[in-house]
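All of the numbers you see were taken from the coordinates with simple rules; none came from a lab. Everything numeric here is computed off the predicted structure, so don't read it as measured data. Neighbour counts run over all protein chains shown; Cβ positions are idealised from the backbone, glycine included.
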Amino acid sequence: MNRIFSGVQPTGNLHLGNYLGAIRNWVKLQKDYECIFCIVDLHALTLPQDPAELRESTREVAAAYLAAGIDEKRTIIFNQSMVGAHVELAWLLSCLTPLGWLNRMTQFKEKAGKERDLAGLGLYAYPVLMAADILVYKATHVPVGEDQKQHLELARDIAGAFNRHYNCDCFPLPEPQIFGTAARVMSLRDGTRKMSKSDVSDYSRINLMDDADLIARKFRRAKTDPERLPLSPEGFQARPEAENLIGIYSALAEISPEQALERFAGQNFSVLKEELSELAITVIGAVGAEMRRLLSDPSHIDKVLKNGAERAAAIAFPILREAQEICGLLRP
Ligand code: AQP
């Protein structure tokens, strides 16, 4: 049976990258797969969080899922900390994960920065918890943006290590699903860095709850280069900002980047920015408005999460138990 697991960290403002690279694709997957979409609050704790803001952000991610079109009746939506099986399986997996594998993770290097000795153990062990998130549901497919590909490969390695060590086929090796042009949406201020919630510059990203004026202002101020838009894809060489804006347009308009470039080839950036703003205001504006409506009733969101957690736990705990028995843990 095909089962999908994926998640978003409640670490601040959800942005266009999270929407186009992840959440929007999930909506379509609900038709063909059993889906579990998590708000990974324990992952958020790998960097310092304000407790009140974490609670708010958790509801905000849930609201984004619902506003984007995730159907809570069909699909399981919950926050990770409500299902303890994730952490329990993470321990079993961490005992089989060589440090050398974790040392290769680029996200740890980026997030720990130069003061690596001061980084928390949780930040270092993040990919093991992510492997447990996926494996505790025996998920077969994991839709993510490009930036999570390395972690997903590690999850496959960890599943393989468990199966080999205990000579079993307990865990399927999860397949990454990376979709199209928006798999890596870049910052509006620097086309070489990905659009990120933790970027200090708010003008680097379009947040899902930005209003129309702010969306237009952010696109107007987006970094560009002095040339006109290129005539063909070869012209994107060393022009990451131009390529990014065309990529965002194509993802929002649901056309190929080639078609998007055909439309704007040789024109000034101002023309592209104008149309980009209009399109984003239509697509993102609708999601943002629905998020605001949902967030005005937090008790409804909490109910959705509680119900989702119960359904998630009903799948996760029997799989955890199976793994515990394979490891030789006595479960009378
Ligand atoms: N810029 C992006 N382009 C395409 N996809 C993206 N994703 C994130 N940024 C982009 C995808 O969104 C999902 C959720 O990501 P996450 O919140 O778990 O963590 P992240 O990848 O670390 O995202 P951020 O926004 O950069 O958050 P912070 O700043 O908190 O680290 C994933 O599927 C991710 O690939």
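Work out, step by step, the length gained on full extension between GLU274 and VAL200: first 0.36 nm times the residue separation, then minus their alpha carbon distance; give nm to one decimal. Mind dumping the intermediate values first?
Values: separation 74, 0.36 × 74 = 26.64 nm, distance 2.51 nm.
So the extension gain works out to 24.1 nm.
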The extension gain from VAL87 to ASP225, computed as 0.36 nm times the residue separation minus the Cα-Cα distance, is 45.0 nm
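Cα convex hull of the chain: mean projected area in nm², to one decimal? If you can, show how the numbers build up before the last one.
Working: hull surface 71.7 nm².
In nm², the orientation-averaged hull projection of the chain is 17.9.
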Student exercise, segment 32-158 dipole from Lys, Arg, Asp, Glu Cβ charges, in Debye to nearest 20 | 280
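Let me have the 222 nm mean residue ellipticity of the chain computed from DSSP H runs of 4+ only, each contributing -39500 (n - 2.57), with the sum over all residues rounded to the nearest 500. Mind dumping the intermediate values first?
Values: 13 runs with 171 residues, N = 332.
Result for the chain, helices only: -16500 deg cm²/dmol.
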Once label points are set 7 Å from the Cα along Cα→Cβ at both ARG104 and LYS31, what is their separation, rounded to one decimal in nm?
-> 3.7
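Which order do SER299, SER196, SER201 fall in if you start with the one that has the fewest other Cβ atoms within 10 Å? Walk me through the intermediate numbers first.
Details: SER299 7, SER196 20, SER201 10.
Listing SER299, SER196, SER201 from fewest to most nearby Cβ atoms yields SER299, SER201, SER196.
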Give the long-range amide H neighbours of MET186: residues separated by 5 or more places, or on another chain, with amide H under 5 Å away, using H modelled in the peptide plane at 1.01 Å from N.
-> MET195
Cα-projected label distance for GLU115 with LEU214, points at 7 Å along beta-carbon direction, nm | 2.9
Can you list the aspartates and glutamates whose alpha carbon sits under 15 Å from that of LYS109, skipping same-chain ones fewer than 8 residues off?
-> ASP117, ASP147
Under 11 Å from a point 7 Å along the Cα-to-Cβ line of GLU258: which residues of segment 218-235 have their amide N that close?
-> 233
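Using the beta-carbon distance between THR282 and ASP169 and R0 = 41 Å, what value does 1/(1 + (r/R0)^6) give for FRET efficiency, to the nearest 0.05? Walk me through the numbers before you get to the answer.
Details: r = 48 Å, r/R0 = 1.16.
So the FRET efficiency works out to roughly 0.30.
Starting from 0.36 nm per residue, how many nanometres of slack lie between LEU330 and LEU54 once their C-alpha separation is accounted for?
Values: separation 276, 0.36 × 276 = 99.36 nm, distance 3.64 nm.
Gain in length upon complete extension: 95.7 nm.
Mean Kyte-Doolittle hydropathy of 0.5 or higher plus an axial Cα length of 30 Å or more: which whole DSSP H helices in the chain meet both?
Going by DSSP H runs, the hits are 269-295.
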